[in-house]
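Have a look at the structure below, then the notes.
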Amino acid sequence: MLTVKIRTTAFALLASLMLVGATPPDGCGKCKDEGVLLCSKHKKAQGEAERGSVYCSEIADCEKCSGVGWIDCAKCVHADAERRLSEQRDAVGKARRRLAWIEKEAGRPVRVAESEHFVLAWDVESYRAGGKKRKGHELVHFYLDRLEAMFAEYLGVLEASPEDFVGKPAILVWGDLEDHKRVSEALFEIEDDGAVKQMGAKGRVSLLGGKPSYEDDEWLHHGIVHEVTHVLASMQKPVAWVGETQSGWLDAGWAHWFEDHMFGVCENVCYQAHYFREQIDREDWRGYVKKLVTKDDVPDVPTVLAQNTETMPIEFHAVAFSFVDFLLSKGGDRFNTFFKLVRRRTPTRDALFDLYQLSIDEFEQEWRAWVKKTY
Ligand SMILES: [Zn+2]
Ligand SMILES: [Zn+2]
Ligand SMILES: [Zn+2]
Ligand SMILES: [Zn+2]
């Protein structure tokens with residue numbers, strides 16, 4: 001539905017000219033030939049922010065624009081823009097019903113917005129992000145933009161396409177620890193101060209958007225990207241969470257790798273290994289792994305390759321990160337296919353052999369040599 005929105009202007013223009021009786025929009029000074037005007041009920045920056053949104057609870061009740069943020073330009077006829085507006089109004093209604101579960105769980109109104117690929121509930125009123133203090137409504141769009149940027153990078157690395165995913169991950173960022181705990185208990189049956197996620201088709205993350213979970217905006221950004229990497233991988237077809245089918249190394253390794261790829265750090269470590277993350281310099285996981293390899297102190301590789309994420313000690317996380325680093329050096333597309341095979345529950349040894357023509361032994365030897373040479 002949203003692909004309609006990113007149609008090129010030239011094509012949109014042509015399409016509207018081709019419609020019988022349509023006045024060419026050329027020369028409409030009022031809307032600059034866009035066919036739409038910002039709804040006067042919202043501030044300019046606010047309206048601009050809605051361009052990339054499917055839904056935003058902050059404006060959803062506006063009677064003038066029906067929650068779209070934009071209205072039809074009365075000075076010209078722009079059939080394509082009018083059709084788009086009508087589709088957007090429909091989408092607002094549908095999203096409102098689809099997202100009602102968030103407020104139901106919270107038991108009160110919560111700011112929620114939906115972009116092309118994500119749902120974000122943002123319950124932090126004011127926060128310093130991207131170098132300046134921002135208010136809640138600005139923040140929900142600011143973080144949705146960050147999530148969309150992350151998604152584009154994710155697709156780029158894996159040479160994947162948006163159609164490979166079922167649904168949109170929902171990320172719930174709370175300002176109050178009690179809200180986070182109560183909602184994650186209700187939704188995931190897990191009560192935890194740290195980030196809690198649900199994998200698979202209904203991928204969701206709940207976390208506290210500030211101290212003590214995340215020191216500042218930079219760490220919060222890293223944390224959200226890390227958690228969402230896990231969730232996205234589990235929502236990619238065929239849908240499955242490999243962290244519970246003895247491929248925790250791939251689940252954890254990929255999230256560490258992606259966080260490092262985006263920010264140059266491996267700060268976030270899931271489950272109880274979290275408590276030991278300070279054992280490894282967050283900016284030098286490669287150096288740590290190189291030391292393990294040079295001192296011949298690598299954990300038993302077949303064991304690392306057969307754990308669930310929850311039972312992995314910190315050194316397994318570091319080695320898993322490096323396994324992913326090694327496999328990705330052979331191409332994103334191949335790694336993406338490998339990941340698909342593992343989600344399909346192909347045993348790791350078969351998937352490695354199919355995609356890389358390596359036995360587990362050969363994988364270990366080649367990986368060790370690569371680490372010595374590359375890190
Ligand atoms: Zn106009
Ligand atoms: Zn908004
Ligand atoms: Zn409005
Ligand atoms: Zn993780």
Quiz prompt | For PHE118, net neighbour charge (Lys/Arg +1, Asp/Glu -1) across residues whose Cβ lies under 13 Å away | solution = -2
Quiz prompt | Longest to shortest principal axis, alpha-carbon extents of region 242-374, angstrom | solution = 36, 31, 28
Quiz prompt | Amide N of region 343-359 lying under 18 Å from the label point, which is placed 7 angstrom from the Cα of ALA306 along Cα→Cβ | solution = 345-353, 359
Self-check item: Extension gain from ALA74 to LYS135, taking 0.36 nm per residue of separation minus the Cα-Cα distance
Solution: 18.7 nm
Practice problem: Take every DSSP beta bridge with both residues inside the chain and express the antiparallel ones as a percent of the total, to the nearest 5. | Solution: 65 percent
Exercise. Pull up the cross-link candidates among the aspartates and glutamates for LYS133, meaning alpha carbon to alpha carbon under 13 Å and not fewer than 8 places away within one chain.
Key: GLU125, ASP216, ASP217
Quiz prompt | Relative contact order (%) - criterion: Cα under 8 Å, at least six apart; region: the chain | solution = 11 percent
Quiz item: Between THR294 and ASP193, what length comes free when the chain is fully extended (0.36 nm per residue of separation minus the Cα-Cα distance, one decimal in nm)?
Solution: 32.6 nm
Quiz item: Working from the pairwise distances between different alpha carbons, so that the mean of 1/r is found and then inverted, what is the chain's Kirkwood radius in Å?
Solution: 22.5 Å
Quiz item: What FRET efficiency, computed as 1/(1 + (r/R0)^6) with R0 = 35 Å and r the Cβ-Cβ distance, is obtained for SER359 and VAL166, rounded to the nearest 0.05?
Solution: 0.55
Quiz prompt | Computed helical MRE - 222 nm, the chain, DSSP H runs ≥ 4 contributing -39500 (n - 2.57), nearest 500 | solution = -15000 deg cm²/dmol
Quiz item: Order of 348-358, 272-282 by packing, highest average Cβ count within 10 Å first?
Solution: 348-358, 272-282
Quiz item: So, with +1 on the Cβ of K and R and -1 on the Cβ of D and E, and no other charges, what is the size of the charge dipole of the chain about its Cα centre, to the nearest 20 debye?
Solution: 1240 debye
Quiz item: What is the packing order of peptides 313-323, 139-149, 83-93, 332-342, taking the mean over residues of other C-beta atoms within 10 Å and listing the highest first?
Solution: 313-323, 139-149, 332-342, 83-93
Exercise. Quantify, in whole percent, the carbon and sulfur part of the accessible surface of the chain (1.4 Å probe; protein heavy atoms only).
Key: 50 percent
Quiz item: Quick one: if the Förster radius is 45 Å, what FRET efficiency do GLU87 and GLN279 give, using the C-beta to C-beta distance and rounding to 0.05?
Solution: 0.30
Quiz prompt | Mean accessible surface per residue for the chain, computed with a 1.4 Å probe while every protein chain stays in place, in Å² | solution = 46 Å²
Self-check item: Cα→Cβ-extended label distance, 7 Å offset, between SER329 and GLN272, nm
Solution: 3.3 nm
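The values are calculated or read from the model by the stated rules, or taken from the named source; none is laboratory data. Given the structure is predicted, the values throughout are model-derived calculations rather than measurements. In this analysis, Cβ positions are derived from the backbone assuming ideal geometry, glycine residues included, and neighbour counts consider all displayed protein chains. For the accessible areas, the whole protein counts, side chains as well, though only heavy atoms, and no ligand, DNA or RNA atoms are used. Shrake-Rupley method; radii C 1.70, N 1.55, O 1.52, S 1.80 Å.
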